[in-house]
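Heads up, the thing below is written out as structure tokens.
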Amino acid sequence: MLSDPALDLLLHLYSKAVDEVGKEAFEQAFLHVMETSPFRPDISEIRKAAGINRGIQDPTEKKALSELGFILGIMRLHGPEIKPIHGKLLKDRDEDGRILPRNKWEFAPDTPTPRLDAQTEAALCQMGMGSREGGLELIACHPALPWNSSKDDAEARKFKVRNAAEIEKRWIESWRAV
């Protein structure tokens, strides 16, 4: 049982978190944490589940999430399979308007895919159970990517919060394992 001052402080912290996160997001995050936490959830767990102020202190976790953000950025540009972007066709006709043979066409330079460091590649394989492509497929399910947008109703938001947390947790575990 909490003392009155301790209870007042706890309610103040919860109220502050509700104001910061928003009532619906707080409720969804609170329910998610209540379902998954072995103990009574603290404010930091709720805020983390709501996707704000993760309060990351562990440098390994911080680096892992930084790399995940880098991968998500690459996926936004190059797609979920992280393929190079081929340059646009600049010229396929001669001065008289006749179509040139294909080997004479001119293209803008390709945009190559950025190289991932060895630990990131290994973590992708670890996450995908030995398959880099499997790891990429899992990360491609992250709600931060545009092709995972859905109606922004309460159920979709709840799924997005849960899905993001699970993908990030699995990524961090994979990162630590390599």
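The values are calculated or read from the model by the stated rules, or taken from the named source; none is laboratory data. A quick note: this is a predicted structure, and the numbers were derived from the prediction, not measured. In this analysis, Cβ positions are derived from the backbone assuming ideal geometry, glycine residues included, and neighbour counts consider all displayed protein chains.
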Practice task
Look at LEU13 and say whether it is part of a helix (DSSP H, G or I), surrounded by 12 or more Cβ atoms within 10 Å (Cβ to Cβ) and not assigned by TED's automatic domain parsing to the domain that holds SER174.
Solution key: yes
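In segment 74-108, what residues are within 30 Å of HIS142 (Cα to Cα) and charged (D, E, K, R)?
Of the residues in segment 74-108, the ones within 30 Å of HIS142 (Cα to Cα) are 74-88.
Hits for segment 74-108 are ARG76, GLU81, LYS83, LYS88.
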Practice task
Look through ASP92, ASP96, ASP110, ASP117 and report the one residue that is surrounded by 12 or more Cβ atoms within 10 Å (Cβ to Cβ), acidic (Asp, Glu) and on the phi < 0 side of the Ramachandran plot.
Solution key: ASP92
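So for segment 50-63 (the condition being in contact with a Gly (Cβ under 9 Å, 6 or more places away or on another chain) and either touching a residue at least 12 places away in the same chain (Cβ under 8 Å) or surrounded by 11 or more Cβ atoms within 10 Å (Cβ to Cβ) (or both)), does at least one residue qualify?
yes
Table: residues versus (1) of a type outside the set (D, E, K, R); (2) touching a residue at least 60 places away in the same chain (Cβ under 8 Å).
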{"residue": "LYS88", "(1), (2)": "no, no"}
{"residue": "ASP94", "(1), (2)": "no, no"}
{"residue": "ALA108", "(1), (2)": "yes, no"}
{"residue": "PRO114", "(1), (2)": "yes, no"}
{"residue": "LEU124", "(1), (2)": "yes, no"}
{"residue": "CYS141", "(1), (2)": "yes, no"}
{"residue": "ALA144", "(1), (2)": "yes, yes"}
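Here's the yes/no breakdown for (1) modelled with pLDDT under 90; (2) in the same structural domain as VAL21 (by TED's automatic domain parsing); (3) within 12 Å of the chain's Cα centre (by Cα):
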position: MET127; (1), (2), (3): no, no, no
position: SER131; (1), (2), (3): no, no, no
position: GLY135; (1), (2), (3): no, no, no
position: LEU138; (1), (2), (3): no, no, yes
position: SER149; (1), (2), (3): yes, no, no
position: ASP153; (1), (2), (3): yes, no, no
position: LYS160; (1), (2), (3): yes, no, yes
position: ALA165; (1), (2), (3): yes, no, yes
position: GLU173; (1), (2), (3): no, no, no
